[in-house]
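The values are calculated or read from the model by the stated rules, or taken from the named source; none is laboratory data. Small disclaimer: the values here were computed from a predicted structure and weren't measured. Quick reminder, even Gly has a Cβ in these numbers, built from the backbone with ideal geometry, and neighbours come from all protein chains shown.
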Amino acid sequence: MGSTVIIFGLGPSSAQCPFDAETWVVNMGYWRVYKMKGRIDKLFTAHTPCKYPTLLGATRPLQIQDATMDWGLIDQLIDFGLEVISLHRIQGLRSKIFPLKRIIKKFGCDYFTDSMCYMIAYAIDKGYKKIKLYGVDMYDRDEFQFEKGGIEYWIGFARGQGIEVIISNGSYLCRNATGLPYGVLPKPEKSSDFMEEELVRLTGGELPVSKDAIQYCTKGGKPIGFRREN
Amino acid sequence: MASQKALISTKAPIEETPLATFEEELNNYKIRMSKLVPFPPGEIIILGMGKTRELCPWDAEVWAVNMGYQQVAMQRGHVEKIFMAHTQTKDIYGRNMFKWEHFNQMADAGIEIWNIHRVKGLKSRLFPLKRLIKKYGTDYFGNTIAYMIVWAIELGKKRIRLYGVDMRTTEEYGWEKGSLEYWIGFARGRGIQVDICDGSYLLKTITGKPYGIKYWSLKDVDPFGLLRRKKLPEELPSSSQLIEATKSTQSPPPPQRLSPWVQL
């Protein structure tokens with residue numbers, strides 16, 4: 001077992017993945033790895049076969065949708081050396097069971113908001129020294145609000161243990177909402193007349209509305225923005 | 001690794017009493033401080049301004065944030081350090097939110113005031129933000145509590161207890177909670193015990209269980225098993241038949257008004 005692992009998510013920054021180390025994917029990520037001609041060593045999933053009914057109207061019968069993941073194909077990939085680690089026992093899938101209880105007991109925390117949390121905790125448990133995250137972007141609203149915190153917890157935990165965690169460019173992980181640490185203000189580089197000069201330049205010498213209709217918001221004489229009022 | 005326990009106070013929350021003038025409260029505070037026994041070394045309480053601050057037992061060194069000293073006074077508590085990340089700010093009425101004269105008096109009374117900014121007229125210590133960013137390799141600080149946690153790590157504290165750090169408001173939950181959880185994880189990775197007060201939203205999933213673990217029962221969603229049928233029955237059961245089917249000696253009586261779905 002090497003000292004570096006790549007955790008491959010399904011976000012846009014997965015395109016940066018160099019596949020130069022052991023690679024773990026999640027759910028249907030094997031399709032993207034295939035298209036990128038990459039490598040995959042482990043597949044993690046926290047789902048059971050998802051069957052849900054669809055009501056097509058009172059005059060038509062109820063239908064049961066098929067599972068969203070191709071469990072049969074995943075089972076076939078196991079014969080090619082893929083190791084599948086699942087949170088649940090799935091009938092027809094020769095997967096290993098994720099040691100959730102043992103890891104919760106070992107690390108003293110059950111804060112897992114996403115499959116990535118399980119993967120990071122697993123990498124810490126297995127003693128990897130370097131974890132690279134690609135495609136773990138957390139762009140989606142639900143991911144950002146409800147799942148990002150859990151992944152950041154385990155990233156912090158890994159770094160606290162001395163494990164190097166590298167996050168791909170473009171991910172929202174471990175990034176402040178303003179781009180700066182809390183309370184740090186951006187330095188105004190221009191004079192207080194800059195906003196008016198810029199506005200005149202952009203409009204070709206004429207302001208779109210009267211100067212009185214543009215209210216400058218200043219703080220201590222330094223501009224931080226301007227607000228236009230009708 | 002020892003499990004991190006949730007802080008559940010066995011005492012009733014301390015009632016917050018109305019404040020007297022600042023000078024009187026500061027005088028009362030000095031009297032309380034003179035009677036305090038030494039705190040256990042290596043342990044601190046980080047006190048936020050959320051509701052769970054009322055569960056703080058005040059049995060260790062306390063670090064507060066911004067205007068939290070007022071809540072400390074209401075609970076007849078104590079504070080050793082106050083952290084801020086603001087210069088002067090005005091409220092919607094144009095009034096100054098921070099009274100620097102109060103902070104200066106507290107600084108004269110022995111309370112350390114830390115700020116990431118140099119503020120003219122404020123007797124504060126400058127928080128070494130750049131040095132800490134360089135040392136820990138990240139500038140991911142979403143709010144003042146994150147600065148406090150990293151400062152506790154920097155000072156070599158062995159146990160950090162969080163009270164009042166609830167992260168329940170929309171902005172706190174959406175924008176700031178992640179950074180706190182990052183630093184809590186970092187501290188725990190370093191072997192520091194971090195205990196979070198029960199009632200805080202920190203380190204809690206939205207379902208109450210780890211991701212992927214089932215947290216609901218199909219019977220709660222579909223008590224009549226209609227979703228499991230492959231086709232609709234030719235004759236739907238009547239309302240009285242459905243009510244009879246749900247009757248049980250152990251379950252409560254069903255509601256009289258049935259859902260529109262059943263009355264097709």
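Quick notes on this one:
- Screening region B:167-198 for residues that are charged (D, E, K, R) and within 7 Å of chain A (Cβ to nearest Cβ) and picking the one that is surrounded by the most Cβ atoms within 10 Å (Cβ to Cβ) gives B:Glu181.
Per-residue answers, yes or no, for (1) modelled with pLDDT of 70 or more; (2) under 30 Å from B:Glu176 (Cβ atoms); (3) more than 9 Å from chain A (Cβ to nearest Cβ):
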{"position": "B:Thr205", "(1), (2), (3)": "yes, yes, no"}
{"position": "B:Tyr211", "(1), (2), (3)": "yes, yes, no"}
{"position": "B:Tyr215", "(1), (2), (3)": "yes, yes, yes"}
{"position": "B:Ser248", "(1), (2), (3)": "no, no, yes"}
{"position": "B:Pro255", "(1), (2), (3)": "no, no, yes"}
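- Conditions (1) within 28 Å of B:Asn96 (Cβ to Cβ); (2) buried (at least 24 other Cβ atoms within 10 Å of the Cβ); (3) more than 9 Å from chain A (Cβ to nearest Cβ); number of the one not met by B:Ile160: (1)
- Residue within region B:65-86 that is over 28 Å from B:Asp198 (Cα atoms) and either within 14 Å of chain A (Cβ to nearest Cβ) or basic (Lys, Arg) (or both) present: yes
- Selection from region A:1-18 of residues that are out of contact with any Asp or Glu (no Cβ under 9 Å at 6 or more places or on another chain) and over 13 Å from A:Ser168 (Cβ atoms): A:Ser3
- B:Ile133 under 24 Å from B:Gly50 (Cα atoms) and within 13 Å of another protein chain (Cβ to nearest Cβ): no
- Close pairs (9 angstrom Cβ cut-off, 6 or more residues apart or separate chains): within 15 Å of A:Glu143 (Cβ to Cβ) and facing chain B (nearest Cβ under 10 Å) in region A:108-132, hydroxyl-bearing (Ser, Thr, Tyr) and in a helix (DSSP H, G or I) anywhere: A:Phe112/A:Tyr118; A:Thr113/A:Tyr153; A:Cys117/A:Tyr153
- Counted residues, region A:17-42 - those being without any contact (Cβ under 8 Å) to a residue 60 or more places away in the chain and at positive phi: 2
- Scan of region A:123-145 for residues that are of a type outside the set (D, E, K, R), part of a helix (DSSP H, G or I) and closer than 22 Å to A:Ser13 by Cα, ordered by number: A:Ala123, A:Phe144, A:Gln145
- Verdict on B:Val79 being touching a strand residue (DSSP E or B) at 6+ places or on another chain (Cβ under 9 Å), at pLDDT 90 or above and in a loop (DSSP other than H, G, I, E, B): yes
- Among the criteria (1) surrounded by fewer than 19 Cβ atoms within 10 Å (Cβ to Cβ); (2) in contact with a helix residue (DSSP H, G or I) (Cβ under 8 Å, 6 or more places away or on another chain), the one B:Lys130 does not fulfil is (2).
- Selection of region A:88-101 for residues being among the charged types (D, E, K, R) and either within 12 Å of another protein chain (Cβ to nearest Cβ) or buried (at least 22 other Cβ atoms within 10 Å of the Cβ) (or both) yields only A:Lys101.
- Selection over region B:103-137 of residues that are of a type in the set (Ser, Thr, Tyr) and at pLDDT 95 or above gives a count of 1.
- Taking the listed residues A:Ala15, A:Ala46, the one that is under 25 Å from the mean Cα position of the chain (by Cα), within 14 Å of chain B (Cβ to nearest Cβ), under 26 Å from A:Lys132 (Cα atoms) and modelled with pLDDT of 85 or more is A:Ala46, with no other qualifying.
- Single residue of region A:86-122 satisfying the filter (assigned to a helix (DSSP H, G or I) and within 20 Å of A:Glu22 (Cα to Cα)) that is farthest from the chain's Cα centre (by Cα): A:Tyr122
- Of all residues in region B:12-58 being of a type in the set (D, E, K, R) and at pLDDT 90 or above, the one that is surrounded by the fewest Cβ atoms within 10 Å (Cβ to Cβ): B:Lys51
- Residue within region A:150-157 that is within 13 Å of another protein chain (Cβ to nearest Cβ), farther than 20 Å from B:Glu172 by Cβ and out of contact with any helix residue (DSSP H, G or I) (no Cβ under 8 Å at 6 or more places or on another chain) present: no
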